[in-house]
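Working notes for the structure below.
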Amino acid sequence: MHDIRVGSWLELLDVLHAEAWNPQLRRFRSPFVFRGQAVDAKLTTTLQRLEGEPREIERHLIRNFRKYAYRSGIDRDLSWYWLALGQHHGLPTRLLDWTSSPMVALHFATAEEERYDEDGVIWMVNFVETNRELPTPLRQLLEREGGQVFTVDMLASYSRRHQRAEHEPVTTFDMGWLEDLEHEAEQPFLLFLEPPSLDERIVQQSALFALLSSPDAALDDWLVEHPGTSRKVVIPAGLKWEVRDKLDQSNINERTLFPDLGGLSRSLRRYYRLRRDAPAPPHDDHGGRPEQETPVQR
């Protein structure tokens with residue numbers, strides 16, 4: 001795995017936008033997806049953090065989530081839809097949150113002020129490379145659709161083609177749809193799922209879910225075993241406040257990424273906090289003395 005420790009805001013932007021030029025399209029289209037973390041921690045799912053056998057727990061979680069969530073007026077009775085919906089609302093699943101936006105990933109790497117004394121990280125995974133590791137049926141499905149990431153409908157069509165018997169109806173309770181995915185290849189493989197636009201939060205965060213076919217495996221271990229698929233960008237603790245302030249100025253904050261009153265309140269609380277723990281910078285970005293050293297009130 002390729003680790004990069006950046007030293008400045010501009011270097012950070014260069015690293016996150018590297019290799020974006022697509023010569024076939026003649027457009028800038030990054031082959032990477034991103035995950036921001038306040039600290040360098042393992043890439044484990046919420047399902048793995050529960051004690052017990054993950055497949056057994058997962059079966060009960062999804063069944064009961066589907067049973068009780070119907071009260072919310074859910075109208076798409078697809079297994080993959082329930083999995084994505086559960087992940088979005090905090091249900092422990094084998095999915096892991098990612099984004100197609102490097103700036104959104106930077107937000108999550110710098111959103112926790114209590115962790116500003118620790119280095120943050122941005123994980124970058126090249127989905128073009130990981131797609132090459134997919135089993136043939138799934139790779140062909142992507143090629144037929146002309147896509148690079150899966151949707152719940154694409155995976156539902158895959159599940160229907162893998163029923164245990166032609167006469168057996170598709171059921172949302174049967175966890176065979178995940179078992180079939182696991183057994184598609186001898187070794188674990190990684191795919192990325194674009195969830196339905198369930199609400200504005202998913203849309204604003206350019207959300208993606210990573211799914212490793214084995215619920216037992218940790219994603220960072222898998223990435224180490226597949227060199228060339230990923231890199232890890234380290235954001236030094238001393239750089240976090242600058243990154244945070246420039247993200248806020250660029251309108252990348254809780255107000256836009258969590259578009260409700262709670263997100264607005266969190267964003268305003270940080271914006272109007274007076275930093276008494278750091279001196280004013282000796283010069284501005286143009287090399288001169290700052291004209292104003294008092295907080296700007298708006």
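Where in the range 80-144 are there trypsin sites (Lys or Arg not before Pro) that are in a DSSP coil and have at most 15 other Cβ atoms within 10 angstrom of their Cβ?
For trypsin sites (Lys or Arg not before Pro) across the range 80-144 that sit outside H, G, I, E and B with at most 15 neighbouring Cβ atoms in 10 Å, the list reads 132.
Rg and Dmax of the chain, using alpha carbons, in Å: what are they?
21.2, 77
Please give, to one decimal in nm, the separation of the simple spin-label points placed at residue 261 and residue 28, each 7 Å out from Cα toward the Cβ.
Reported label-point gap for residue 261 and residue 28 is 3.9 nm.
For the range 28-87, which GluC sites (Glu not before Pro) are both in a DSSP coil and crowded by at most 11 other Cβ atoms within 10 Å? Mind dumping the intermediate values first?
Values: sites: 51, 56, 58; in loops: 51.
Taking the range 28-87 and a limit of 11 other Cβ atoms within 10 Å, the loop GluC sites (Glu not before Pro) found are 51.
Using 7 Å Cα-to-Cβ label points, what is the residue 273/residue 40 separation (nm, one decimal)?
Here the answer is 2.4 nm between the modelled labels.
Pick from 66, 27, 49: which is most flexible by mean-square fluctuation in a GNM of the chain where alpha carbon atoms under 10 Å apart are linked?
Maximum among the listed residues: 27.
With a Förster radius of 25 Å, plug the Cβ-Cβ distance of residue 19 and residue 113 into 1/(1 + (r/R0)^6) and report the FRET value to the nearest 0.05.
Details: r = 32 Å, r/R0 = 1.28.
For R0 = 25 Å, the calculated efficiency reads 0.20.
Here, each number is a calculation from the coordinates, and none is a lab measurement. All of these numbers come straight from a predicted model, not from anything done at the bench. When we count neighbours, we look across all protein chains shown, and the Cβ atoms used for this are built from the backbone with ideal geometry, even at glycine.
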